[in-house]
Every structure is written in C-alpha cells, then in structure tokens.
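One structure is given here, and the rest of the page talks about it.
The values are calculated or read from the model by the stated rules, or taken from the named source; none is laboratory data. Quantities reported herein were computed from a predicted structural model and do not represent experimental measurements. Backbone-built Cβ (ideal geometry, glycine too); neighbour counts: all protein chains shown.
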Amino acid sequence: MVVKSPLKRTVRILLVGDSGVGKTSLILSLVSEEFPENVPAKAEEITIPADVTPEQVPTNIVDYSAAEQSEAELNEQIKRASVVCIIYAVDDDESIDRITSHWMPLIRQNHPDTPCPVVLVGNKIDLVDYSTIDGIFEIMEEYSEIETCIECSAKTLKNISEMFYYAQKAVLHPTAPIYSVEKADLTEACKKALVRIFKICDVDSDGLLNDIELNNFQSRCFNAPLQPQVLDDVKAVLRKNLDDGVSHNCVTLKGFLYLHSLFIQRGRNETTWTVLRKFGYNDNLNMSKDYLFPSLKVPSGSTTELSHKGHHFLTHLFDRFDKDQDRALSPTEFEEMFSTCPTPPWGPDVGAMVPTNEKGWITYQGYMCQWALMTLVDLPRTFEYLGYLGYNVYENESQTTAVQVTREKKLDLAKKQSSRNVYQCHVIGPSGSGKSTLCRCFIKTHLDGKSLLSENTTGTPTCTVNTVQVYGQEKILVLRDINVRNVSDPLLPHEVHCDVACLTYDVNNPKSFEYIARIYIKYFAESKIPVLIVACKDDLEEVRQEYLLQPANFCQKYKILPPQKFSVRGHHKRDVFVKLATMAAFPPLRRMVHMLLLRPQPTEWLNIFYRNFRDFGVIVNDTTVWWKAGLSLAAVTALGLLVARVLHTDKIR
Ligand SMILES: Nc1nc2c(ncn2[C@@H]2O[C@H](COP(=O)(O)OP(=O)(O)OP(=O)(O)O)[C@@H](O)[C@H]2O)c(=O)[nH]1
Ligand SMILES: Nc1nc2c(ncn2[C@@H]2O[C@H](COP(=O)(O)OP(=O)(O)OP(=O)(O)O)[C@@H](O)[C@H]2O)c(=O)[nH]1
Ligand SMILES: [Ca+2]
Ligand SMILES: [Ca+2]
C-alpha cells in the first residue's frame, strides 16, 4: 500500500487579462492544437481528464471575458480558482502595466487568507523580436505568489502546453511555501521539515546520510532506487559547491538542504514536494491531520494494543537511540529520540508510572509499557507520535498497522480466554490501606521494602504499568489507583469497569475491611469482573476486622479467591501481580476454580484450592485442561510455573 499524498483533487486554472490579449485563443489553441482565426468572446469551461495531464490530476480551464461577465462573476471565479494565469500581450505595454495596477490587487483581494498562485503569461511573441521577461522579473520579486512567467504564442503554438503545465505545477508544487526567491534560500518552515526528514532517514543517527540511507530514502519517496552513478554525481555536485556538503563520503545535513534548494532553483519543485508529502506535510508545511490521525474503528468492548509491527518499530527505535546500550534512555538519548516530534510524548514524571533504572531513566520495559498505556487510553496520540517518528515512511503504510484492535470482551468471555496483551486493573480500598504503596511496588522492582516505604510519595500518579509473565507469556498490566475520597462516595462506572479488580485492606486496621466488603457486594458480586482481595501490610500484626465476616470467610461465602497477603517487606511481592494478570487474562475463572501455583511447593494454595471445592460441594474434575496459551507442558514446567487444573465455571454456578 502506498501512502496517498494529500494532493488537491482538481486543479482549476483561470485565465484573466485585458481584452484582446488572447485568452480565448490560448485555450482553443491548446485544445485543437491549431490557431483558431475566429474565436468567441469566452471559451466554454474545459475539463482535462487526469490521465492526459502531466501531473495526473483532473484539470479545469476557465476563460474570462469582460464582454460576457460582470465584475461580481469575475470575483467569484477568482475565488474558486486554484491558480490564476494573468495573460498580457507582449506588444501591449498597457496590458503589462495592468498586471500590477489591476490584476494582482484584485486576486489578492479575493484570496485574503492563503495566497493564490499566479502565473504570468506573455502572449503573441510571434509579433515581436524582443523579450519582456526582464520587466516581468521585477514584478515577480514584488509578489511572492507569482510562481512563474512564460512567453508564448497562441498563433505559432509556442509554449502553449508548457504554459498549462506550469499553471498545474504552480498549484501542486508551489514555490512560495518552500523557497524564498528574495533570500535565494529555502524558507524556514521548509528547512525545519527537511531537518526532521533528514533525522528520520539517518537510521544510525550519526548526523550523515550514507549510501544505504540515501538509497532507502530515495526508494521510499520515489519508489525507485538511486543509480550508483547518480549517487556519485550528487556528491560531486555537493563537493564542487559546498565545503562541507559531503563528509566521510556521506551527505551532511547542509548538503541535503543544499540539494533541495538546487532542485527548486532548477524548477524541480516537485522533487522537494514529493519528499515533503511522503513525510506527511500539507501545502502549508504543517503535518496534515489525515497523516497524523488516521481513522480506525474500535468497537465498544474492544481495546487497542500495539501490533507486532508496531512493537517491532518501537523496539528498533529504542535500539537506535540507546547509544550506550544500557537498555535505558538517558535524558540526552530521550531528547534525541523525540527530536523529530514537536514535543516529547511524555514528560519526566513518567518515571513514577513505569519501570526505570536506579537513575530514574526509563528502561526499555518502561518505554514499551508507556507506549502500551498510550495506545490503550489515547490511541490518537500513539498515531500522532508514530507519524512524527516516521513509521509511515519506514513501513510505507499508515500507522493503523502498528495497532491491533482486540476482540470484543464478550467474545473473550464466551471463549473463556483472552487474546489481549494489555489489561487494566483497578486498585480500590480505603484510604491508608496501602494502595499507592502496592502500585509503587509494581514498578520499583529495584527498591527494597524499606526504601519503598521511606520514599516521598506526594504526587503519586493514578497509573502504574509493568509487564507480568502469565504462563510464560508477557502481558502488560495497568494498575489504576482509584482514589475514593469518602467511603460513602459511589464508584462511577468508569471506576468500576476493568479487566480485574484488586480490593485492598489493611490487616492491621480493624476498620478497613468493611469498606471493600461493601464495595464488593455493591459493584462486583454480580459483575463478570474477576476480583482479588489483597490483605496489605502483612508484616504488621493481623487484627480482627470489625465486620460481620472475617476476610477469609467473606471470600468463601462469595466464592472468590482467599485474601492474597501482601507486604512491601515480603519476599514474594510479585505473586499478587501475576495473580491479577492471570485473572484478567482468563476472565471466566473469577470464581476460585482457577489456580496458579507460583513455586514448586506452594502447598498452602493447593490446600485452599481443594478445601474450597470440598466446601462448596464441587467435584474436582481429574482431567487437566491446558490453556491454549501456546505453551507446551514442558515449557511451562521449565519456567517453574505450574498451571493447575481448571474446571468449567458452569459446574460451580
Ligand atoms: N499574432 C497573434 N495574435 C493573437 C495571438 N493570440 C490571439 N491573437 C489575436 O488576438 C485577438 C484577441 O484574441 P482573443 O483570444 O479573443 O483575446 P481575449 O483575451 O480572449 O479577449 P477578450 O475575450 O476580449 O477578453 C484575436 O484577433 C486573436 O486572433 C497570438 O499569439 N498571436
Ligand atoms: N508496615 C507496612 N506499612 C505499609 C505497607 N504498605 C503501606 N504501608 C504504609 O501505610 C500507609 C498508607 O499507605 P498508602 O500506600 O499511602 O495507602 P493508600 O491506600 O494509597 O492511601 P490513600 O492514598 O490515602 O488512599 C503509609 O504510611 C505506608 O508507608 C506495608 O506493606 N507494610
Ligand atoms: Ca476571450
Ligand atoms: Ca542508554
């Protein structure tokens, strides 16, 4: 698939100029390829089909005649035109003076916002043996929207098709936005765009484009490789004209910019424009909305994750910019990576949300988690940044291929397993029960319990993201700390809705369980959302909860997994996260049927498992059902994980 360039759909060429200069004759000469002796005052509007025009764009040619049209009609036509050709007769000085005294002001007046490109056409050169071009150049300097001038003759047909070609080009590849004739240099906006393009093409980020990078650039933009001879010629031109256009046999940024100004000076604007459009720029040299925000339909109940391609692209990007290969991005590496974007996609506070190294620099894992989170909660932003980073150019397709839309949740539920890789877990519990600490533990794997507790936690974000292994497969879990101000405040639907809920209480606080018991009964007991109750601060003394049921009994009554003990000072802090991710990945198993044995002899769990089944009169089925997680039995045991037997939920209900 080739990325569609945001070209204008039709080109509308309007011919204006004083009476008798030859407008109608020019149009009819073009169409009939011979000079018509007798012409009407005004030619009918002509449409040239795309395939016979040099730029493959349908083109309308519109005549104007003062004899047939009012001032108002003329203004209307000027407004509708995508380019205006002002025709003068080379033998008529009056018609030349009128370019500046009448026509240019009239055109400007009708295009107050964005200038309309203009082509100056001197007709009837068959009548004189001099050129008017010198005087015309002066006018061109005065009006930047005048793209070109040309002298021609309707009578001898000289430069007739060229005139219409230039008009078409003036619309499709205008000079004014990219090159300042006055300064004889690229415009600032064009330079900025080309610098970004240079950086994206500079795959090894050494500030130079080597032959391979140049070739890739050429193939991507023009769908054809550079001939080796052409490469040498290009470098020879640079060496001849610039001191530092070539370095180590590679093209420098300065050389790259110089080449573009050379193309434009030679009238080859289309070369530069093709490059700019390929990299997403519109006619105003902004990155176009269509390019940055492709549309992708996401049914409700589905989520968005990075596809294999997206993952691959971002991994490659990371490797490119992790210059010292320490698997983390230093501030400089981070800045370099996002230098092709208007601003970085996330700020320095990201360290509080995803894994970092000891220095607080985002690790590869943290970086991928951050992208996963963005793709989940703010897909347009993922598209936008992939666009800035050059995904479309590298892959030669739209950013939508970097993302996959997951199957609707109800299908996951029906199939009793999920195809997703990213899950959302809501952490809910009374104030002080240890929610924030739990979330911090999730990402600060390099800190011990003591440092975790002593860390200054003000401004703790509501989200933490990390990877978790579920049966040997890497899943991403997003923990969202649901801050409830008052115990009596109701939870909003978006605070309830998630893939798994983690309800926390403080074993040391007798009043803390009641809150989550009520939350469970009110919001989760009847829902399909799996719930894990977490007994926090397990290192402190466990006290009796002031509630009609003690936590373990409560779980039994509601047929949910028994409370998972957790302490920042504990040794197996990750168990809780693995359990949450597993429950999210296998949603129908919200009742305790689903067991995950984390270490070879976690007899405690195994016992509870069987005991619970006995308690509820469930017959334990002996056949072991292995999840189709793509893992063989051997692989699972080799990983030290044991998947327990599973019963169909239906049997318990
Ligand atoms: N010698 C010469 N005569 C031309 C040329 N082009 C047009 N003419 C003549 O100039 C006269 C005016 O031409 P038109 O095509 O009617 O000019 P126009 O600009 O359409 O004029 P209005 O319709 O009055 O606005 C006619 O007699 C044409 O034959 C040319 O290239 N060379
Ligand atoms: N001993 C011990 N103290 C803990 C543990 N977890 C958290 N704490 C302490 O308990 C207090 C509350 O912990 P937080 O994580 O802030 O609790 P929270 O649920 O986020 O509270 P709010 O933000 O008010 O809703 C803090 O002083 C923590 O240091 C733990 O495992 N053991
Ligand atoms: Ca006419
Ligand atoms: Ca690094």
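Table for the structure above
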| quantity | calculated |
| --- | --- |
| Hits in segment 110-153 - residues which are in a loop (DSSP other than H, G, I, E, B), at pLDDT 90 or above and among the β-branched types (Val, Ile, Thr) | VAL128, THR132 |
| Filter pass, VAL39 being touching a Leu at 6+ places or on another chain (Cβ under 8 Å) and either assigned by the TED database to the domain that holds THR271 or assigned to a loop (DSSP other than H, G, I, E, B) (or both) | yes |
| Contacts under 8 angstrom Cβ, first residue in segment 327-353 being of a type in the set (Asp, Glu), partner outside any loop (DSSP other than H, G, I, E, B), 6 or more apart | GLU333/PHE321; GLU336/PHE321 |
| Extreme residue, surrounded by the fewest Cβ atoms within 10 Å (Cβ to Cβ), among residues of segment 349-372 that are within 16 Å of ligand 4 (Cβ to nearest atom) and under 29 Å from GLY280 (Cβ atoms) | TYR364 |
| Pairs, first touching a residue at least 60 places away in the same chain (Cβ under 8 Å) and assigned by the TED database to the domain that holds PRO355 in segment 440-453, second surrounded by fewer than 19 Cβ atoms within 10 Å (Cβ to Cβ) and small (Gly, Ala, Ser), C-beta under 9 Å, six or more apart | none |
| Cβ pairs under 7 Å, 6+ apart, first in segment 102-113 and closer than 13 Å to GLU76 by Cβ, second charged (D, E, K, R) | ASN110/LYS79 |
| Residue count, segment 393-408 (criterion: buried (at least 17 other Cβ atoms within 10 Å of the Cβ) and within 12 Å of GLY310 (Cβ to Cβ)) | 9 |
| Residue in segment 17-54 that is nearest to CYS85 (Cα to Cα), counting only those that are within 8 Å of ligand 3 (Cβ to nearest atom) and of a type in the set (A, V, I, L, M, F, W, C) | ALA43 |
| Qualifying position, being within 16 Å of ligand 2 (Cβ to nearest atom), crowded, with 22+ Cβ neighbours inside 10 Å, touching a residue at least 40 places away in the same chain (Cβ under 8 Å) and not assigned by the TED database to the domain that holds GLY366, among CYS425, CYS463 | CYS425 |
| Some residue of segment 112-128 being surrounded by 13 or more Cβ atoms within 10 Å (Cβ to Cβ), within 12 Å of ligand 3 (Cβ to nearest atom) and over 26 Å from THR274 (Cβ atoms) | yes |
| Yes/no for VAL21 being part of a loop (DSSP other than H, G, I, E, B), away from ligand 4 (no atom under 16 Å from the Cβ), surrounded by 20 or more Cβ atoms within 10 Å (Cβ to Cβ) and touching a residue at least 12 places away in the same chain (Cβ under 8 Å) | yes |
| Residue within segment 294-301 that is touching a residue at least 24 places away in the same chain (Cβ under 8 Å), more than 16 Å from ligand 3 (Cβ to nearest atom), farther than 24 Å from GLU384 by Cβ and not aromatic (Phe, Trp, Tyr) present | yes |
| Scope segment 209-244; condition in a loop (DSSP other than H, G, I, E, B) and either modelled with pLDDT under 90 or in the same structural domain as ASN392 (by the TED database) (or both); matching residues | ASN223, ALA224, PRO225, LEU226, GLN227 |
| Qualifying positions in segment 499-555 - of a type outside the set (Phe, Trp, Tyr) and in a strand (DSSP E or B) | VAL500, ALA501, CYS502, LEU503, THR504, ASP506, VAL531, LEU532, ILE533, VAL534, ALA535, CYS536 |
| Among the residues listed as ARG277, ARG320, the single one being within 30 Å of ILE264 (Cα to Cα), in a helix (DSSP H, G or I) and not aromatic (Phe, Trp, Tyr) | ARG277 |
